[in-house]
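Here, each number is a calculation from the coordinates, and none is a lab measurement. Every value quoted in this text rests on a predicted model; they were computed, and no experiment measured them. Methodologically, a virtual Cβ is constructed for each residue, glycine included, from the backbone with ideal geometry; neighbour enumeration extends over all protein chains shown.
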Amino acid sequence: MLFGDDFAKLQNAKILLLGVGGVGSVCLDCLVRTGITDITIVDCDTYDETNQNRQMWSELHLGESKVEALKQHYPTVKALHVRVDKEWIDSVDFDEYDLVLDAIDDIHAKLYLAQKTYKKLISAVGSAKRLDPTKIEVATIWKTHGDRFGAKIRYELKKRKFDKNYTVIFSSEPALIKEKGSFMGVTGAFGFAMCSQAVLKLTGKK
């Protein structure tokens, strides 16, 4: 009822989701519940106790491959237990996908992915070390602010003479700690924002 005729665009969409941790797993759940079922999920990690505060289904699958575990809950997805790196990115035919959703942490992979897929890319940066989901914003990579990871990505892209635009989800809230630490109220909100941006783009509303 909300999407009308545009709902068919969601049902027919083909999505590549890279990283299914605190951001990506929530995004996946949102996509599937919105009617998008042709999703390829890619991650090389396994669940451990430190994932349980923010990653979907982690408490049920300790020690298991994240993508294989998630396939049990979302049986229509395609699961690839591989590391997202330059070599893997070079092996992918991105023309097959309507959108590429980047929820990985590796800056080198993020940079290379942006250069290869910016026309259909939605990328998340800086969801850790924060507590306020109302500070989440969506902009192009060049208009992100308040996040050191985003600033580092901009710096590295400029060094590579890359000047194209792509969509980024970020938080303007300053990091609260130097150590690692995440709050699902923020990482989950990043995942929902990524799902929302994907839906808006697929239905032509953005």
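Panel order for C44, C30, by other beta carbons found within 10 Å of each beta carbon, from fewest to most: C44, C30.
For the pair K86 and K143, what calculated FRET efficiency results from E = 1/(1 + (r/R0)^6), where r is the Cβ-Cβ distance and R0 = 25 Å, to the nearest 0.05? All intermediate terms of the calculation are to be shown ahead of the outcome.
Details: r = 27 Å, r/R0 = 1.06.
Computed FRET efficiency for K143 and K86: 0.40.
Panel order for M184, M1, by other beta carbons found within 10 Å of each beta carbon, from fewest to most: M1, M184. Only Cα pairs under 8 Å and 6+ residues apart enter the sum, and on that basis the relative contact order of the chain stands at 25 percent. Pairs from the table (K143/K164; K152/K201; K110/K159; K116/K180; K116/K205) lying more than 19 angstrom apart at Cα are K152/K201; K116/K180; K116/K205. Distance between the C-alpha centres of the range 1-46 and the range 73-139: 12 Å, rounded to the whole angstrom. For the chain, complete DSSP H runs whose alpha carbons reach 18 Å or more along their own long axis and whose mean Kyte-Doolittle score is -1.0 or higher are 184-202. With all distinct Cα pairs included, what does the Kirkwood hydrodynamic radius of the chain come out to in Å, to one decimal, could you say? Evaluated over the chain, this radius sits at 17.1 Å. Across the range 58-160, the relative contact order, built from alpha-carbon pairs under 8 Å that are at least six residues apart, equals 18 percent.
Residues considered: W142, W88, W57. Largest GNM mean-square fluctuation over the chain, using C-alpha springs under 10 Å, is found at W88.
Taking the Cα centre of the chain as reference, the dipole from Cβ charges on Lys and Arg (+1) and Asp and Glu (-1) amounts to some 980 debye. G185 sits among other residues whose Cβ lies under 14 Å from its own Cβ, and their net charge, with Lys and Arg +1 and Asp and Glu -1, is +2. For the chain, what does -39500 (n - 2.57) per DSSP helix run (n ≥ 4), summed and divided by total residues, give at 222 nm, in deg cm²/dmol to the nearest 500? So the helix-based figure for the chain works out to -10000 deg cm²/dmol.
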